[in-house]
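Have a look at the structure below before the remarks.
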Amino acid sequence: MKKTLRIVTQLVFLALFALLFAKGRIQLWLAVFGSGALLSLVFSRFYCGWICPMNTLFRPVAWLYGKLGIKRIKTPGFLKHPALRYAFVALFVGSMLATKKMGIELPLLAIVTGIAVFVTLFFEEALWHNHVCPYGTILNITSRKAVKSEKIDEVACISCGKCRKVCPVYCIDIVADTKKLRIRTADCLTCHACEAVCPTGAITYR
């Protein structure tokens, strides 16, 4: 039921994104993102897993690649430097301000979405989510102390590792002293993929 609801929600927001683009009012999407960023203080990164048009477009690519057994390129080490993700945010914001000041009508949000899909045709999703996406970087900050998030009950967890295999952003770590698993809230997309494969029901959004 939750998976169906999430897919329907994703498609509705993707349609809204497409409509705004067609009407030449794509910048209004910033209001949607802004609302998601504010709500992430409570509900974590549900924007990423339930609303983001980029992530929605990633899903059929991931499904097709999975069926065909196509492996994507791992994230290059130099792109993992923490400073780079903030540089991408600065570039994105700077581009928006520059085009506005020069009076250039450029659908930057749609362009970024197109770039995102193109990148993930060749590289693993984690590259975009964890190191490039300007939205993801902002939400990584706002959701760090979120009230609700995906959590693992360490008592119920049997450390089978199934959740780690399906996580698109590798945000599930092994706790050194207990060997149990723990989710990094700031990086979790709230896509519920881990929750769906957990054999003991140890993962819940609470």
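The values are calculated or read from the model by the stated rules, or taken from the named source; none is laboratory data. Quick caveat: nothing in here was measured; it's all calculated off a predicted structure. When we count neighbours, we look across all protein chains shown, and the Cβ atoms used for this are built from the backbone with ideal geometry, even at glycine.
When the residues of segment 164-195 are filtered to those that are of a type in the set (G, A, S) and surrounded by 15 or more Cβ atoms within 10 Å (Cβ to Cβ), the one that is farthest from the chain's Cα centre (by Cα) is A193.
Checking the conditions here, which among I7, I51 is surrounded by 12 or more Cβ atoms within 10 Å (Cβ to Cβ), touching a Gly at 6+ places or on another chain (Cβ under 7 Å), under 25 Å from C171 (Cα atoms) and hydrophobic (A, V, I, L, M, F, W, C)?
On the way: I7 fails: touching a Gly at 6+ places or on another chain (Cβ under 7 Å).
Every option except I51 fails the conditions.
Please tell me if K71 is surrounded by fewer than 12 Cβ atoms within 10 Å (Cβ to Cβ) and on the phi < 0 side of the Ramachandran plot. For K71, the condition - surrounded by fewer than 12 Cβ atoms within 10 Å (Cβ to Cβ) and on the phi < 0 side of the Ramachandran plot - is met.
For segment 128-148, indicate whether the set of residues that are more than 20 Å from F46 (Cβ to Cβ), of a type in the set (A, V, I, L, M, F, W, C), at pLDDT 95 or above and outside the structural domain of T200 (by TED's automatic domain parsing) is non-empty. Spell out the reasoning first.
Residues of segment 128-148 that are more than 20 Å from F46 (Cβ to Cβ), as a first pass: 131-132.
Checking which are of a type in the set (A, V, I, L, M, F, W, C) leaves us with 132.
Narrowing further to those that are at pLDDT 95 or above: 132.
Narrowing further to those that are outside the structural domain of T200 (by TED's automatic domain parsing): 132.
Yes, some residue in segment 128-148 is more than 20 Å from F46 (Cβ to Cβ), of a type in the set (A, V, I, L, M, F, W, C), at pLDDT 95 or above and outside the structural domain of T200 (by TED's automatic domain parsing).
Here's the yes/no breakdown for (1) in a helix (DSSP H, G or I); (2) within 29 Å of T204 (Cβ to Cβ); (3) within 18 Å of the chain's Cα centre (by Cα):
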site: L28; (1), (2), (3): yes, no, no
site: G34; (1), (2), (3): yes, yes, yes
site: L39; (1), (2), (3): yes, yes, yes
site: V61; (1), (2), (3): yes, yes, yes
site: F92; (1), (2), (3): yes, no, yes
site: M96; (1), (2), (3): yes, no, no
site: K100; (1), (2), (3): yes, no, no
site: I111; (1), (2), (3): yes, no, yes
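Residues in segment 1-60 that are of a type in the set (A, V, I, L, M, F, W, C) and touching a residue at least 60 places away in the same chain (Cβ under 8 Å): 18 in all.
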